[in-house]
1. Of all residues being touching a residue at least 60 places away in the same chain (Cβ under 8 Å) and either acidic (D, E) or assigned to a loop (DSSP other than H, G, I, E, B) (or both) in region B:203-212, which is farthest from the other protein chains (Cβ to nearest Cβ)? Just the residue, please.
2. Return yes or no: is A:A107 away from chain B (no Cβ under 14 Å) and free of Cβ contacts under 8 Å to residues at least 24 places away in the same chain?
3. How many residues, within region A:15-52, are in a helix (DSSP H, G or I) and open to solvent by 30 Å² or more (accessible area, probe 1.4 Å)?
4. Tell me which residues, restricted to region B:20-44, are of a type in the set (D, E) and free of Cβ contacts under 8 Å to residues at least 40 places away in the same chain.
5. Within the bounds of region A:120-128, is there any residue that is touching a strand residue (DSSP E or B) at 6+ places or on another chain (Cβ under 8 Å) and among the basic types (K, R)?
6. Please pick out the residue among B:A107, B:A142 that is out of contact with any Pro (no Cβ under 7 Å at 6 or more places or on another chain), open to solvent by less than 20 Å² (accessible area, probe 1.4 Å) and outside any strand (DSSP E or B).
7. Could you run through region B:16-40 and say how many residues are touching a Ser or Thr at 6+ places or on another chain (Cβ under 7 Å) and under 14 Å from B:V52 (Cα atoms)?
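The values are calculated or read from the model by the stated rules, or taken from the named source; none is laboratory data. Given the structure is predicted, the values throughout are model-derived calculations rather than measurements. Backbone-built Cβ (ideal geometry, glycine too); neighbour counts: all protein chains shown. Side chains included, ligands, DNA and RNA excluded: accessible areas come from the protein's heavy atoms. Shrake-Rupley method; radii C 1.70, N 1.55, O 1.52, S 1.80 Å.
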Protein chains: 2
Amino acid sequence: MRLGDGDVVCVAQKVVSKAEGRLIALAEVTPSAEAVELARRTDKDPRLVQLVLDESTEVVRSKPGVLIVRHRLGLVGANAGIDQSNIEHGDGGEQALLLPRDPDASARRLREALQAGSGARLGVVITDSSNRPWRLGTIGAAIGCAGIRVLDDRRGGHDIYGRELQVTLINRADAYATMATLVMGETTERIPVAVIQGLAPDAVDEPASRIIRPLEEDLFK
Amino acid sequence: MRLGDGDVVCVAQKVVSKAEGRLIALAEVTPSAEAVELARRTDKDPRLVQLVLDESTEVVRSKPGVLIVRHRLGLVGANAGIDQSNIEHGDGGEQALLLPRDPDASARRLREALQAGSGARLGVVITDSSNRPWRLGTIGAAIGCAGIRVLDDRRGGHDIYGRELQVTLINRADAYATMATLVMGETTERIPVAVIQGLAPDAVDEPASRIIRPLEEDLFK
């Protein structure tokens, strides 16, 4: 495949995390008393729970089988994005894969490398799967971005009948991530990269961190 | 455009609602005491709030400028999906547009008509825009479906290294809706229909109501 101007290259978080050495052997983790207690209440491995706590700023909800936290990047979701599937569990015993340390920086580096190799002006999105409180089934979420317009702000414009639009902020980055996730599959397809072509090129360059809703707007703490 | 087997036709909720006569003149609405009080606390029109309450089973959160409810269809979101933009405000004064009464039934009817006209086996998705508690920017949500696999259930399978997958339920319908919403725009583009082509045909036919997370799993009431 030849990359062209305006193409958006979507890369699964797992391959970025692996490339950045974010794989942790659970045998090396010593759970705190807090992690042991939370693991008991959530039916989870205390060492995994310790990693989740280390990656998070707040436990949002917990119950047996469920541990929803606010990741230090601001992402609210299950287990701080830590994953144990599609990870080789070799002689070293069980392992867990953390999110990239700074996914926006990872996206910028990846973009520079891909642009240098292709000569094209590209966008890059690092994708993860995302769950929602009231809807079943995962969709994609953009956790790192470079070279794309992340939020399309149409507030203050007018609709087609001249009425002022009060709130229309379109999340383009999550839409790209969701499209890519559909092609990648999220399990055994082994397709960690998808390219979206045919988009209108856009000179805006925003990070995925723009997507995080400010804490003071959170009605569901 | 010629429709072919496996194509998924996505239609914006607004045009379906208009076609089904779901436009209500606010002048005809008499707000109850409850609606007047809730309107005061949310800085909204009491007549609009009355319509929201009529369409809902529960107020989930409210504050000035924000009214999040559970629609009787199970959808949790702002203002029960009632919209005042892109609606003609003619001599009859202000109007509001409700969601279709039964969007899955609307999708089934639309599918039958489109299949009869084209001879192709189609999927149909009625799309709405959706907001999330911790992420800025709207994405698409499938509120009515026919002829597609809505949730791709891979729980209980195995990952590429043989580890049992515990939870992987992919929301294909919302992914289609999100892709379509990106093409349609959500404001002044006047593109109420988008067709997704190139998908692998699938004999499954599920309604969008499958997406609603059961009340007993709701951690954010």
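1. B:P207
2. It is false that A:A107 is away from chain B (no Cβ under 14 Å) and free of Cβ contacts under 8 Å to residues at least 24 places away in the same chain.
3. Within region A:15-52, the first condition is being in a helix (DSSP H, G or I), and the residues that meet it are A:15-19, A:26-28, A:33-42, A:46-52.
Subsequent filtering for residues that are open to solvent by 30 Å² or more (accessible area, probe 1.4 Å) retains A:15, A:18-19, A:27-28, A:33-34, A:36-37, A:40-41, A:46-47.
Number of matching residues: 13.
4. B:E28, B:E34, B:E37, B:D43
5. Applying the first criterion (touching a strand residue (DSSP E or B) at 6+ places or on another chain (Cβ under 8 Å)) to region A:120-128 yields A:122-128.
From what's left, among the basic types (K, R): none.
Scanning region A:120-128 turns up no residue that is touching a strand residue (DSSP E or B) at 6+ places or on another chain (Cβ under 8 Å) and among the basic types (K, R).
6. Exactly one of B:A107, B:A142 is out of contact with any Pro (no Cβ under 7 Å at 6 or more places or on another chain), open to solvent by less than 20 Å² (accessible area, probe 1.4 Å) and outside any strand (DSSP E or B), namely B:A107.
7. The total comes to 1.
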